[in-house]
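Single-structure report; data block below.
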Amino acid sequence: MTDLFQEPDDATPLDPSERDDLKQSWITHRRDLNEAEQENIVKGAAWARRSRGTNPADILSEDFAKTLHRRMFGDVWKWAGTYRRTERNIGIEAYRIPAEVPAMFDDIRYWVEHKTFPPDEIAVRLHHRLVAIHPFPNGNGRHARLMADLLIERLGGQPFSWGGGSLADIGTLRRGYVTALQAADSHDIRALLAFARS
């Protein structure tokens with residue numbers, strides 16, 4: 001069980017109390033956890049695509065974001081769909097999350113309504129803002145990518161490819177993703193836009 005909670009250096013480590021919230025006792029290795037989470041994510045994505053309309057506003061809310069996270073990770077983690085209460089190596093202070101997430105969705109709805117940016121850029125900026133806030137104990141990148149895919153679909157575009165591989169594995173693809181996120185942190189969204197469509 002030693003490798004169960006091993007994370008890449010650039011990933012968000014779980015707090016020991018959050019590790020205790022693993023629901024499935026059969027999960028004893030990292031590969032088991034990855035498999036269980038991926039199966040749950042597929043179910044969450046299917047729910048999101050069949051249960052919501054085509055209006056972007058249908059998904060641009062705190063309630064939807066929390067429900068989607070719960071649908072993506074709720075078979076695996078008790079804390080799924082709830083905001084983190086502990087500090088991380090990334091993201092804002094935990095106490096700011098309940099105010100920042102609704103403010104972010106206000107911005108995104110404004111951008112959609114007023115066509116402030118092209119559709120791809122709006123969706124990628126949503127992704128970046130969610131990752132920067134890092135509202136949940138874990139799964140933030142996967143949740144943010146699905147939120148961006150759902151938004152671009154509602155804006156008439158195709159889902160993003162996000163490099164066309166698994167970002168869970170340490171390697172060139174993940175390093176490219178993290179580098180693009182870091183550039184966006186410095187207000188240069190171009191690399192993240194290119195990565196999303198690569």
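Please treat every number below as a calculation from the coordinates, not as lab data. Note that the coordinates shown come from a computational prediction; the quantities given were computed from them, not determined experimentally. Here Cβ is always computed from backbone atoms with ideal geometry, including for glycine, and neighbour counts include all displayed protein chains.
Only residues of region 144-181 count here: report those whose backbone N is under 17 Å from the spot 7 Å along Cα→Cβ of residue 54, or say none.
150-159
Pull out the extension gain between residue 85 and residue 63, defined as 0.36 nm times the separation in residues minus the alpha carbon to alpha carbon distance; nm, one decimal.
Value of the extension gain: 6.1 nm.
What is the angle, in °, between the Cα long axis of helix 62-73 and the longest principal axis of the Cα atoms in the chain? Nearest 10 is fine, range 0 to 90.
Around 40 degrees separate the two axes.
Check region 16-196 and count each lysine pair with an alpha-carbon distance under 23 angstrom, considering only pairs eight or more places apart or from different chains.
Count of close lysine pairs: 6.
Assuming 0.36 nm per residue, please report the length gained on full extension of the stretch residue 95 to residue 190 beyond their Cα-Cα distance. Walk me through the numbers before you get to the answer.
Working: separation 95, 0.36 × 95 = 34.20 nm, distance 3.06 nm.
In short, 31.1 nm is gained.
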